[in-house]
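The structure appears below as structure tokens.
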There are 2 protein chains.
Amino acid sequence: MATGRTHRPATRSRGIPEATVARLPLYLRALTALSERSVPTVSSEELAAAAGVNSAKLRKDFSYLGSYGTRGVGYDVEYLVYQISRELGLTQDWPVVIVGIGNLGAALANYGGFASRGFRVAALIDADPAMTGRQVAGIAVQHSDDLEKIVSDNGVSIGVITTPPGVAQQVCDRLVAAGVTSILNFAPTVLSVPDGVDVRKVDLSIELQILAFHEQRKAGEEHEGTVPPVAAHQDSSEQGPDGDVPAVMPA
Amino acid sequence: MATGRTHRPATRSRGIPEATVARLPLYLRALTALSERSVPTVSSEELAAAAGVNSAKLRKDFSYLGSYGTRGVGYDVEYLVYQISRELGLTQDWPVVIVGIGNLGAALANYGGFASRGFRVAALIDADPAMTGRQVAGIAVQHSDDLEKIVSDNGVSIGVITTPPGVAQQVCDRLVAAGVTSILNFAPTVLSVPDGVDVRKVDLSIELQILAFHEQRKAGEEHEGTVPPVAAHQDSSEQGPDGDVPAVMPA
DNA sequence: ATGTCTTTGTGAACGCGTGCACAAAGATGG
DNA sequence: CCATCTTTGTGCACGCGTTCACAAAGACAT
């Protein structure tokens with residue numbers, strides 16, 4: 001899960017649990033694949049396998065949306081695709097702006113998964129004048145001076161931040177002030193936003209660090225009984241807080 | 001959080017909860033910033049604010065690592081940086097391969113957050129012969145025919161998949177067979193791996209869909225008392241599973 | 001119609017994560 | 001050495017999410 005979570009707990013909408021909402025796109029993807037193969041119906045067991053989850057969980061998830069299955073048969077694929085799409089709000093068009101057209105911003109602009117799910121890249125914005133006017137993914141990059149105008153003219157409510165961390169908060173503030181109420185943040189920074197604004201965070205470095213933790217654990221368990229991987233002092237807080245401890249972390 | 005989760009529950013290592021592990025990198029980042037400003041100590045309250053979490057949660061998280069704080073004073077920044085780095089396994093070098101050097105792969109190769117945290121891009125791999133030999137982020141792209149050799153020669157245990165979804169599973173299988181035991185998957189596919197291999201998933205499209213859900217909910221709640229956003233049929237399972245329902249989802 | 005077989009939908013139990021609230025610990029000043 | 005004040009570390013309760021297990025519902029064959 002490259003998925004950091006930054007959510008106020010008031011996410012409970014009409015009663016669909018947040019965990020369920022997070023899985024709906026997964027089901028939708030699996031269902032779309034089935035739909036393309038013209039499979040008419042699917043059982044919870046099959047669909048769960050395709051989505052990589054437990055079948056009981058899947059059934060409970062769907063039960064929050066209503067009773068869309070037929071006992072003894074399964075779920076109608078097309079119907080379910082429609083229901084989930086509607087529930088997720090994908091039956092409408094979502095204009096999105098991407099701020100910060102570096103490597104990552106450009107990658108996102110080219111990413112097919114956006115357009116294919118009701119999301120439309122309305123504008124690319126960058127602070128570098130040298131970028132202004134350049135075409136990325138067939139869209140002309142605009143200067144960040146015009147950010148507010150771009151957002152309001154296009155009715156943008158979702159913004160993607162792919163800037164360096166130093167300016168992310170400032171960009172975020174301007175987006176929010178201009179009317180954006182949902183932000184997908186790729187900058188490694190904690191964004192503070194007013195109530196009513198949703199922030200989701202994607203942090204590549206964090207994901208790798210979590211993997212490293214488990215990787216280290218695996219390596220350490222191979223030779224059981226040995227002292228843990230690196231140093232040795234495992235015991236209580238003997239060692240004073242100041243002094244000899246090397247600062248291993250690079251900038 | 002752009003963080004999808006795909007984890008076997010056996011993640012429990014020596015007792016550090018998975019949720020805590022996921023937050024350690026956050027603390028580490030905040031602490032590193034403090035360290036650069038030469039701040040000697042920090043209270044749980046301050047650090048929690050910087051990391052964007054509750055202070056009680058932070059203290060409980062740290063309590064799993066041991067008693068590293070001083071009551072009445074707070075935590076020693078340098079010492080804590082070291083302890084967390086060690087716990088996450090960042091005191092050692094992790095060679096990483098990136099497979100699939102498209103827009104996203106190139107963006108990751110250039111991403112600073114990798115090198116700065118003990119991760120080293122050992123190789124870039126792509127299936128396109130036209131890419132072979134091209135320099136990306138100062139590293140020559142190698143052909144995927146040599147994947148197995150590259151992995152074993154460099155002792156790589158962490159692989160990053162940024163290929164198109166169609167080949168992701170196949171690439172994953174080859175990585176695992178070559179000895180990779182941790183995978184960060186950016187392809188929108190459910191990867192199946194043998195036990196003992198960790199997969200974390202970053203799915204940009206899913207994050208946007210979750211945002212769209214909340215966005216739609218906000219829009220719908222503005223005019224309270226109205227019927228929910230799109231259509232109207234909210235009631236029980238009247239409508240038969242087959243028939244009139246339009247398939248709105250594009251491919 | 002009736003019986004059998006498949007699959008859904010959900011009640012209930014369990015476990016993890018979160019947050020409150022407070023006692024213990026130590027620093028600091030007199 | 002004692003009193004006070006700050007801040008940690010944690011026991012406890014609560015709520016969410018997951019999973020099991022099964023009854024209800026419907027399809028299908030006879």
Could you compute how much accessible area chains B and A hide from each other, both sides summed, with a 1.4 Å probe? Nearest 100 Å² is fine. 8900
Quick one: which bits of region B:165-201 get at least 10 Å² less accessible when the partner protein chains are in, versus the chain alone, with a 1.4 Å probe? B:Thr181, B:Ser182, B:Leu184, B:Phe186, B:Pro188, B:Val190, B:Gly196, B:Asp198, B:Arg200, B:Lys201
Spin-label model distance (nm) - A:Ala219 vs A:Glu148, 7 Å beyond Cα toward Cβ: 5.2
Under the convention of a label 7 Å out along Cα→Cβ, give the distances in nm from B:Thr70 to the same position in every other copy, shortest first. 7.2
How far apart, in nm, are two points set 7 Å out from the Cα along the Cα-to-Cβ line at B:Ala177 and at B:Arg134? 2.7
Filtering trypsin sites (Lys or Arg not before Pro) in region A:33-89 by DSSP loop and by at most 14 other Cβ atoms within 10 Å leaves A:Arg37, A:Arg71
Return the carbon/sulfur percentage of the accessible area of region A:14-88, one whole number, probe 1.4 Å, all protein chains in place. 49
Toward the positive end of the charge dipole of region B:14-88, about the Cα centre and with charges on Cβ (Lys, Arg +1; Asp, Glu -1), which of B:Ala33, B:Ile16, B:Ala49 goes farthest? B:Ile16
With a 1.4 Å probe on protein heavy atoms only, tell me which residues of region A:52-98 lose at least 40 Å² of accessible surface in the complex relative to the chain by itself. A:Tyr79, A:Tyr82, A:Arg86, A:Leu88, A:Thr91, A:Trp94
Rounded to the nearest Å, what's the spacing between the alpha carbon centres of region A:79-146 and region B:89-157? Just the number, please. 27
Treating only the Cβ of Lys, Arg, Asp and Glu as charged (+1, +1, -1, -1), what charge dipole size does region A:14-88 show about its Cα centre? Round to the nearest 20 debye. 180
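The values are calculated or read from the model by the stated rules, or taken from the named source; none is laboratory data. For clarity, every value in this text was computed on a predicted model and none was experimentally measured. Cβ sites come from the backbone with ideal geometry, for glycine too, and all protein chains shown count toward neighbours. The area values use the complete protein model at the heavy-atom level, side chains included, leaving out ligands, DNA and RNA. Shrake-Rupley method; radii C 1.70, N 1.55, O 1.52, S 1.80 Å.
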